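The values are calculated or read from the model by the stated rules, or taken from the named source; none is laboratory data. These numbers were taken from a predicted model, which means no experiment stands behind them. So basically every Cβ, Gly included, is an ideal-geometry build from the backbone, and we count neighbours across all protein chains shown.
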Amino acid sequence: MTKIYGEIIGTMILVLLGNGVVANVILSKTKGHSRNVEWLTITIGWSLAVFMGIIVSAPYSGAHLNPCVTISFAIIGKFNWNMVPFYIIAQLIGAMLGSLFVWFLYKDHFVKTEKEQDKLSVFVTVPSIKNLFSNFLSEVLSTFIFIFISLYLTVEGTLFLKENKYPIGLGSLGALLPSLVLLGVVLSLGGNTGSAINPARDLGPRIIYSIIPIPGKGKSNWDYAFVPVLGPILGCLIASTLYLFLS
C-alpha cells in the first residue's frame with residue numbers, strides 16, 4: 001500500500017502544481033495572469049511539477065505518476081503486470097485530488113473568468129485547432145518521444161576506486177532528467193494539443209470538472225477525451241516495443 005499511496009501523493013502534487021500554473025496564468029485577476037508569456041510559463045511550470053512529484057514519490061513507488069510510464073515499464077520487464085491496474089487507479093485518484101485542490105485554491109478567480117474555454121483549460125488539454133486525426137497523431141508522437149527517451153535515462157553509475165566498486169547516483173537530482181525531457185518535448189511538439197502525454201493527468205481532472213459547480217462553465221468536451229487518453233497509450237506501446245527491439 002505504501003507504493004500505491006506514493007503514486008497517489010506524487011500524482012496529486014504533479015497535477016496540483018501543473019494545473020496550478022495553468023490557473024495562475026489563464027484565470028482572471030491572478031498574480032500570474034498574462035497572455036504574453038503563457039506558453040513558456042505553463043510548460044516550465046509543468047516540468048517543475050514533474051520534478052517535485054518525482055522527488056516525493058520516488059522512494060516509495062518509483063514515481064511513475066503516469067499510466068504510460070507504468071505500462072512501458074511492464075512491457076520491458078521492469079515492472080510487475082499484476083501491479084499495473086493498481087498504479088493506474090492510484091494515478092487517476094491523485095490527478096483528481098490535485099485538480100480538486102486547484103479549484104479550491106482558485107475558486108474566486110474561476111468566478112471572475114468569463115471565457116468557458118479558459119476554465120476548462122485549467123483542468124484538461126485543449127487543442128489549438130480541433131482536428132481529431134492530427135490531434136491524436138500529435139499525442140501519439142509526443143508520448144512516443146517522451147517514453148522512448150525516458151527508457152534510456154539512467155541516474156546511477158559505478159565509481160571505481162582501486163579494487164572496490166561503489167554505486168553512485170544523482171539522488172534527488174535524478175528527478176531533473178525526466179523533467180527536462182518533458183520540457184523539451186512539450187516546447188517542441190505541444191503546439192497542437194498541449195501534449196497531455198499522461199492519460200491520468202487529463203482524464204482525472206476532466207471527471208472533476210464535469211462534477212464540480214463552477215459558475216459559467218461550459219461542456220467537458222468528452223468527445224475529445226479519447227485523444228489525450230488513447231493517443232498517449234498508443235505512443236507508449238510503440239516506444240516500449242521499439243526499445244525492446246533495439247535492446
- Query: Can you name the residue in the range 21-45 that is over 13 Å from the mean Cα position of the chain (by Cα) and among the small types (G, A, S) and is also nearest to N82 (Cα to Cα) among such residues?
  - Reply: A23
- Message: For the list (1) of a type outside the set (D, E, K, R); (2) modelled with pLDDT of 90 or more; (3) assigned to a loop (DSSP other than H, G, I, E, B), I need the number of the one condition that T154 fails.
- Response: (2)
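One line per residue, one yes/no per condition, for (1) assigned to a helix (DSSP H, G or I); (2) over 19 Å from the mean Cα position of the chain (by Cα); (3) at positive phi:
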residue	(1), (2), (3)
A63	no, no, yes
I71	yes, no, no
A95	yes, no, no
L100	yes, no, no
W103	yes, no, no
H109	yes, yes, no
L120	yes, no, no
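Every residue, every condition in (1) modelled with pLDDT of 95 or more; (2) within 15 Å of A95 (Cα to Cα); (3) charged (D, E, K, R), yes or no:
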{"site": "L177", "(1), (2), (3)": "no, no, no"}
{"site": "L182", "(1), (2), (3)": "no, no, no"}
{"site": "V185", "(1), (2), (3)": "no, no, no"}
{"site": "G190", "(1), (2), (3)": "no, no, no"}
{"site": "K217", "(1), (2), (3)": "no, no, yes"}
{"site": "L230", "(1), (2), (3)": "yes, no, no"}
- Among (1) at pLDDT below 95; (2) loosely packed, with under 15 Cβ neighbours inside 10 Å - the single one T113 does not satisfy: (2)
- Query: Would you say I129 is farther than 27 Å from G20 by Cβ and surrounded by fewer than 17 Cβ atoms within 10 Å (Cβ to Cβ)?
  - Reply: no
- Item | Counted residues, the range 209-228 - those being part of a helix (DSSP H, G or I) and surrounded by fewer than 18 Cβ atoms within 10 Å (Cβ to Cβ) | 2
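Could you list all residues from the range 1-29 that are charged (D, E, K, R) and either closer than 17 Å to L203 by Cα or in contact with a strand residue (DSSP E or B) (Cβ under 6 Å, 6 or more places away or on another chain) (or both)?
E7
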- Message: Could you check the range 186-205 and list, in sequence order, the residues that are part of a loop (DSSP other than H, G, I, E, B) and either touching a Cys at 6+ places or on another chain (Cβ under 6 Å) or of a type outside the set (G, A, S) (or both)?
- Response: N192, T193, I197, N198
- S28, sole failed condition from (1) within 24 Å of T125 (Cβ to Cβ); (2) outside any loop (DSSP other than H, G, I, E, B): (2)
- Long-range neighbours under 8 Å by Cβ, at least six apart or interchain, first residue surrounded by 24 or more Cβ atoms within 10 Å (Cβ to Cβ) and at pLDDT 95 or above within the range 81-95, second in a helix (DSSP H, G or I) and among the charged types (D, E, K, R): Y87/K3; Y87/E7; A90/E7; Q91/E7; G94/E7; A95/R201
- Task: Mind telling me which of the residues V56, V50, V21 ends up being over 18 Å from L187 (Cα atoms), assigned to a helix (DSSP H, G or I) and among the hydrophobic types (A, V, I, L, M, F, W, C)?
- Result: V56
